[in-house]
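Novice: One structure coming up, written as structure tokens, with questions to follow.
Please treat every number below as a calculation from the coordinates, not as lab data. Every value quoted in this text rests on a predicted model; they were computed, and no experiment measured them. Cβ atoms come from the backbone with ideal geometry, glycine included; neighbour counts cover every protein chain shown.
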Amino acid sequence: MSVETTTAPPAIAPADLVAWVEEIAELTQPDEIVWCDGSVEERDRLYDAMVASGMAIRLNPELRPDSYLFRSDPSDVARVESRTFICSERESDAGPTNNWAEPAAMKQTLRGLFAGCMRGRTMYVIPFSMGPLGGTISRLGVELSDSPYVVVNMRIMTRMGTEALAAIAEGGDWVPAIHSVGYPLVDADGAARPDVAWPCNAEKYITHFPETREIWSFGSGYGGNALLGKKCYALRIASVLARDEGWLAEHMLILKITGPDGRVYHLTAAFPSACGKTNLAMLRPTIPGWTVETVGDDIAWMRPGPDGRLYAINPEAGFFGVAPGTSLKTNPTALEALDHDTIFTNVALTDDGDIWWEGMTDEPPAHLVDWLGNDWTPEDERLAAHPNSRFTVRADQAASISDNWDDPAGVPIDVILFGGRRATNIPLVTETYGWEHGVFVGATVSSEQTAAAEGSVGALRRDPFAMLPFCGYNMADYWAHWLDLGNSLGEGAPKVFQVNWFRKDADGSFLWPGFGDNARAIEWALRRVNGEVEAVDRFNGRLPRPEDLNTEGLDLPEERLTALFDVDHAAWSEECDLTEAYFEQFGEKLPQALMDELHHIRVRIAEE
Ligand code: GTP
Ligand code: SPV
Ligand code: MN
């Protein structure tokens, strides 16, 4: 049976793309095919249809114009790492930290699942560019999806529509990405079933084929599982492209920071999911004279430039940010950006048709409808918003957006930060002894698990370079790639620091106020880059002298400040043992330089 197309392929669509769309339509059997142009009219048609079907709730236009609330199925609220696969020809190329599946066998499984999976639905053809259109670092893709929620999100998160299609028509390479929620409305015998507000499937497969550069995603409508330009392409597939072509695809924010003397710096930072990237990218420094502007909040693509420095672009066009904890106190820039034209997923609904989440205001409203659609009052034990509830908003709606944020050439990076959520052991800020030590610090990042993926929140896990769920190849080869790139950059390489905003006291409260005050740690790092201040050489790295961290106006008792920088020999020896055990799984592939760094720390501990 062939499929009726309601919008014929645009005249500019190249033959190979049209053939692929037809092939996937033949397999998935949608009722119709719509080629997305990315226009406002198209977007509004989709919103109207989703509001009419009950999938979306239009928020009060007086309070939050052109904004919508979606409630997912309770089983489909985060990335599913256990169902995420790297299907490289060789298992060793996926490495011990990824789920691997043999590509031909996985394709067969997927063909079975995708057969007829779009019956009764529309298949949207979504051409997109990651990075500014036509930029030398930018890349093209086409997502096929049966989810209108995906279309409206991709329109915000990427450069989506006719211009991207035109770039493909001009011969640009593109990555094919196929997505289905896995909830056909008509079965193989022609029997119909009604749609639900958030269709998905209990069986989920988020699969990547690094050699053929394809993405197939089945069963989930949620964020990183379904918006295939984001983690699937811009990290898992792009990290492989980057390995092969000599660049870096990283889970990093990018920011521009200007000092009191007018000097401009650019910085990237890798923190695991839900560990503060969006917040740092939109930082409002509490110390006078410093300004932060946002370039990106989640992903950085970095390439050595002609001057031997590392240049970064943000491949995305929007923010898919964690809602809970976002307030006028913590991140006013984000909250203000959400004033209009925002998609909210799994937050609570107020009686006047606006949104709320834990941490948005000190006191919750007296009545809400929670993320599950149930009545909620402050007496209720359960959360009103899901801990991984999110907003989707265009990057240029943030007042902090930098004027060079979409420069196709990227911004030159001075400093790289690595961080995570660590209640103990890791100081507020540490300078590494150089690139190799920096790569060691990145490779050994561990962090307490958050709600951004399935799993038990709070458990400490290794998340090297914040890339554990996102590296498309063997993690040890990835470290080797970082070491090689550092060698080729030489003096032009950014300086590497480790930070930790999440250290706790014995009672379990955060020692450091965080948010806008994080600028104080960055100020010290930049003063180090400029050679303005000395540091204290310790076994783990270089720490600030107490007088050099700017604590003016900060209500932080001496003993808490000391505790923030405490490094304990016994605890760190134990960390070293755990690191050695962790490294073992990489066998022969583990770069010797990382074992050497471990050895240096042990020697320094013994000598200190
Ligand atoms: P992903 O989008 O999942 O990659 O997350 P992210 O790294 O961008 O994290 P985000 O900035 O959204 O922060 C996640 C949570 O950490 C939010 O609830 C924030 O309020 C909280 N958070 C961010 N920065 C700080 C900080 O400096 N201190 C403390 N205590 N909490 C923070
Ligand atoms: C993350 O989990 O790191 C996110 C959200 O940024 S998602 O798009 O779901 O990956
Ligand atoms: Mn992220």
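Novice: Give the residues of region 204-230 that are in a loop (DSSP other than H, G, I, E, B), closer than 17 Å to VAL240 by Cβ and aliphatic (A, V, I, L, M), sorted by residue number. It would help to see each step written out before you state the result.
Specialist: Taking region 204-230 and keeping what is in a loop (DSSP other than H, G, I, E, B), we get 204, 210-213, 219-222, 227-228.
Filter again for closer than 17 Å to VAL240 by Cβ, leaving 210-213, 228.
Correct list: LEU228 only.
Novice: Name the single residue that is farthest from ALA238 (Cα to Cα) among those in region 250-309 being surrounded by fewer than 23 Cβ atoms within 10 Å (Cβ to Cβ) and either among the hydroxyl-bearing types (Ser, Thr, Tyr) or touching a His at 6+ places or on another chain (Cβ under 7 Å) (or both).
Specialist: Restricting to residues being surrounded by fewer than 23 Cβ atoms within 10 Å (Cβ to Cβ) and either among the hydroxyl-bearing types (Ser, Thr, Tyr) or touching a His at 6+ places or on another chain (Cβ under 7 Å) (or both), the top hit is THR286.
Novice: Hey, another quick one. Within region 500-527, take every residue that is within 14 Å of LEU267 (Cα to Cα) and among the charged types (D, E, K, R) and give me the one that is farthest from ligand 2 (Cβ to nearest atom). Break it down stepwise before answering.
Specialist: Residues of region 500-527 that are within 14 Å of LEU267 (Cα to Cα), as a first pass: 518-519, 521-527.
Then drop every residue that is not among the charged types (D, E, K, R), which leaves 523, 527.
Numbers: GLU523: 27, ARG527: 31 Å.
Restricting to residues being within 14 Å of LEU267 (Cα to Cα) and among the charged types (D, E, K, R), the top hit is ARG527.
Novice: Does GLY553 satisfy the criteria of being of a type in the set (Gly, Ala, Ser) and surrounded by fewer than 12 Cβ atoms within 10 Å (Cβ to Cβ)?
Specialist: Details: of a type in the set (Gly, Ala, Ser): yes; surrounded by fewer than 12 Cβ atoms within 10 Å (Cβ to Cβ): yes.
Considered against the rule, which asks whether it is of a type in the set (Gly, Ala, Ser) and surrounded by fewer than 12 Cβ atoms within 10 Å (Cβ to Cβ), GLY553 comes out as yes.
Novice: I need the full set of residues from region 274-301 which are within 8 Å of ligand 1 (Cβ to nearest atom) and β-branched (Val, Ile, Thr), in order please.
Specialist: THR278
Novice: Could you list, in sequence order, the residues of region 439-453 that are assigned to a loop (DSSP other than H, G, I, E, B) and within 20 Å of PRO96 (Cβ to Cβ)? Spell out the reasoning first.
Specialist: Here is the first cut: in region 439-453, the ones assigned to a loop (DSSP other than H, G, I, E, B) are 444-445, 449-452.
Answer for region 439-453, where residues must be assigned to a loop (DSSP other than H, G, I, E, B) and within 20 Å of PRO96 (Cβ to Cβ): THR444, VAL445, GLN449.
Novice: Give me the pairs, please: first residue somewhere in region 488-513 and without any contact (Cβ under 8 Å) to a residue 40 or more places away in the chain, second residue anywhere and within 16 Å of ligand 1 (Cβ to nearest atom) and part of a loop (DSSP other than H, G, I, E, B), beta-carbon distance under 7 Å, and either six or more positions apart or on two chains.
Specialist: Short answer, once both residue conditions are applied: PHE510/PHE502.
Novice: Is it true that ALA177 is buried (at least 24 other Cβ atoms within 10 Å of the Cβ) and of a type in the set (Gly, Ala, Ser)? Step through it out loud before you land on a result.
Specialist: On the way: buried (at least 24 other Cβ atoms within 10 Å of the Cβ): yes; of a type in the set (Gly, Ala, Ser): yes.
So ALA177 fits the description; yes.
Novice: Let me ask something else about it. Return the total of residues in region 43-97 being within 16 Å of ligand 3 (Cβ to nearest atom) and among the polar types (S, T, N, Q).
Specialist: Here is the first cut: in region 43-97, the residues within 16 Å of ligand 3 (Cβ to nearest atom) are 77-81, 84.
Restricting the remaining residues to those that are among the polar types (S, T, N, Q) gives 84.
Going through region 43-97 one residue at a time, the tally reaches 1.
Novice: Answer with yes or no whether ASN474 is buried (at least 21 other Cβ atoms within 10 Å of the Cβ) and either farther than 20 Å from GLN498 by Cα or polar (S, T, N, Q) (or both).
Specialist: Working: buried (at least 21 other Cβ atoms within 10 Å of the Cβ): yes; either farther than 20 Å from GLN498 by Cα or polar (S, T, N, Q) (or both): yes.
Judged against the criteria, ASN474 is a match.
Novice: I'm told ALA451 meets every condition in (1) of a type outside the set (Ser, Thr, Tyr); (2) more than 26 Å from ARG83 (Cβ to Cβ); (3) within 12 Å of ligand 2 (Cβ to nearest atom) except one. Can you identify the failing condition by its number?
Specialist: Condition not satisfied by ALA451: (2).
Novice: It is to be established whether one or more residues within region 295-311 are outside any loop (DSSP other than H, G, I, E, B) and over 16 Å from LEU253 (Cβ atoms).
Specialist: First, the residues of region 295-311 that are outside any loop (DSSP other than H, G, I, E, B): 295-296, 300-304, 310-311.
After this cut, where a residue has to be over 16 Å from LEU253 (Cβ atoms) as well, the list is 303-304.
Within region 295-311, one or more residues are outside any loop (DSSP other than H, G, I, E, B) and over 16 Å from LEU253 (Cβ atoms).
Novice: Let me ask something else. For region 119-143: of the residues being touching a Phe, Trp or Tyr at 6+ places or on another chain (Cβ under 7 Å) and aliphatic (A, V, I, L, M), which is surrounded by the fewest Cβ atoms within 10 Å (Cβ to Cβ)?
Specialist: Ranking the candidates gives ILE137 first.
Novice: Moving on. Taking region 276-294, which residues are part of a loop (DSSP other than H, G, I, E, B) and away from ligand 2 (no atom under 16 Å from the Cβ)?
Specialist: Going through region 276-294, the residues part of a loop (DSSP other than H, G, I, E, B) turn out to be 276, 282-290.
Correct list: LEU283, ARG284, PRO285, THR286, ILE287, PRO288, GLY289, TRP290.
Novice: Can I ask one more? Read through the list (1) within 12 Å of ligand 3 (Cβ to nearest atom); (2) touching an Asp or Glu at 6+ places or on another chain (Cβ under 8 Å), then give the number of the only condition that ALA274 fails.
Specialist: Only one criterion is unmet by ALA274, namely (2).
Novice: Shifting gears a bit: For region 255-273, how many residues are closer than 20 Å to TRP482 by Cβ and away from ligand 1 (no atom under 12 Å from the Cβ)?
Specialist: Final tally of qualifying residues: 3.
Novice: For region 460-499, which positions are within 16 Å of ALA269 (Cβ to Cβ), of a type in the set (D, E, K, R) and more than 16 Å from ligand 3 (Cβ to nearest atom)?
Specialist: The one that is within 16 Å of ALA269 (Cβ to Cβ), of a type in the set (D, E, K, R) and more than 16 Å from ligand 3 (Cβ to nearest atom): LYS495.
Novice: Is it fair to say LEU255 is away from ligand 3 (no atom under 13 Å from the Cβ), in a loop (DSSP other than H, G, I, E, B) and aliphatic (A, V, I, L, M)?
Specialist: On the way: away from ligand 3 (no atom under 13 Å from the Cβ): yes; in a loop (DSSP other than H, G, I, E, B): no; aliphatic (A, V, I, L, M): yes.
The answer is no for LEU255.
Novice: Which residue, of TYR149, TYR183, TYR124, is within 27 Å of ALA453 (Cα to Cα) and in contact with a helix residue (DSSP H, G or I) (Cβ under 6 Å, 6 or more places away or on another chain)?
Specialist: Testing whether each residue is within 27 Å of ALA453 (Cα to Cα) and in contact with a helix residue (DSSP H, G or I) (Cβ under 6 Å, 6 or more places away or on another chain) leaves just TYR124.
Novice: With respect to GLY116, determine if the residue is surrounded by fewer than 22 Cβ atoms within 10 Å (Cβ to Cβ), part of a loop (DSSP other than H, G, I, E, B) and more than 27 Å from the chain's Cα centre (by Cα). Please lay out each step first, then the result.
Specialist: Working: surrounded by fewer than 22 Cβ atoms within 10 Å (Cβ to Cβ): yes; part of a loop (DSSP other than H, G, I, E, B): yes; more than 27 Å from the chain's Cα centre (by Cα): yes.
In short, yes.
Novice: I'd like to verify a number: residues in region 277-306 that are out of contact with any strand residue (DSSP E or B) (no Cβ under 8 Å at 6 or more places or on another chain), away from ligand 3 (no atom under 16 Å from the Cβ), farther than 17 Å from VAL529 by Cβ and of a type outside the set (Ser, Thr, Tyr), how many? Break it down stepwise before answering.
Specialist: Pass one, region 277-306, residues out of contact with any strand residue (DSSP E or B) (no Cβ under 8 Å at 6 or more places or on another chain): 279, 286-289, 306.
Those left that are additionally away from ligand 3 (no atom under 16 Å from the Cβ): 286-289, 306.
Among the residues that remain, those that are also farther than 17 Å from VAL529 by Cβ are: 286, 288, 306.
From what is left, the residues that are of a type outside the set (Ser, Thr, Tyr) are 288, 306.
The number of residues fulfilling the criteria is 2.
Novice: Hey, another quick one. Of all the strands (runs of 3 or more DSSP E) wholly in region 465-569, which have at least 1 residues that are within 16 Å of ligand 1 (Cβ to nearest atom)?
Specialist: Numbers: elements: 495-499, 535-538, 541-544.
Answer list for region 465-569: 495-499.
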